[in-house]
Amino acid sequence: MTAQPFSVWVEEQLQLNHDDLAIRRVLPAFEILTSRVDDARRRGARDPFTTVTAKTAGGNSRACTRRMLEQLRLPAPARRAVHRLLAGSPSGWPGLMWLYATDAALSQRQREYGRRQLLSVRLPGTDSRPH
């Protein structure tokens, strides 16, 4: 894992302005999902990241993650975008959490996808699901 804090790494990888408000809305979700991954790791999960994915996690795990993210009071489309951005999507996006944990450098395509997801966080009421 990189020695940089997550917020600094994301700003650099997505080429964001330091004052970007969207990243401030993402950081609490990162903390929530990180706590879920850490708990799964402590419980001996083979792949702790699965705990926070929207499609491969078990039903109770998905419901728990959703309830925790709902506490952030983001509109549903923005909450879904944050979840995709951080935990990945079935379309092949690995999620910023995984990319950060593996200290990956984002490709141009990954950077563009991440920035599209952030647009949904900046503009509540919109959704940028992959086409």
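The numbers here are math on the coordinates, done by the rules we state, and not lab data. These numbers come from a predicted model, not from an experiment. Quick reminder, even Gly has a Cβ in these numbers, built from the backbone with ideal geometry, and neighbours come from all protein chains shown.
Highest mobility in the GNM of the chain, judged by mean-square fluctuation with C-alpha springs under 10 Å and restricted to Val121, Val52, Val37, is found for Val37.
Grouping the Cα pair distances of the chain into 5 Å bins from zero gives a pair-distance distribution of 2, 11, 22, 25, 22, 13, 4, 1 percent in increasing distance order.
Please work out how much length the chain gains when fully extended from Asp47 to Asp19, using 0.36 nm per residue of separation minus the C-alpha to C-alpha distance, in nm with one decimal.
Values: separation 28, 0.36 × 28 = 10.08 nm, distance 3.38 nm.
In short, 6.7 nm is gained.
Taking trypsin sites (Lys or Arg not before Pro) as exposed when DSSP calls them loop and at most 10 other C-beta atoms lie within 10 angstrom, the chain has its longest site-free stretch at 74-131. Name the residue from Leu119, Pro75, His18 whose Cα lies farthest towards the positive end of the charge dipole of the chain, charges +1 on Cβ of Lys and Arg and -1 on Cβ of Asp and Glu. Value computed over the given set: Pro75.
Extending 7 Å from the Cα toward the beta-carbon at both Gln4 and Arg66 defines two label points whose distance is 3.4 nm.
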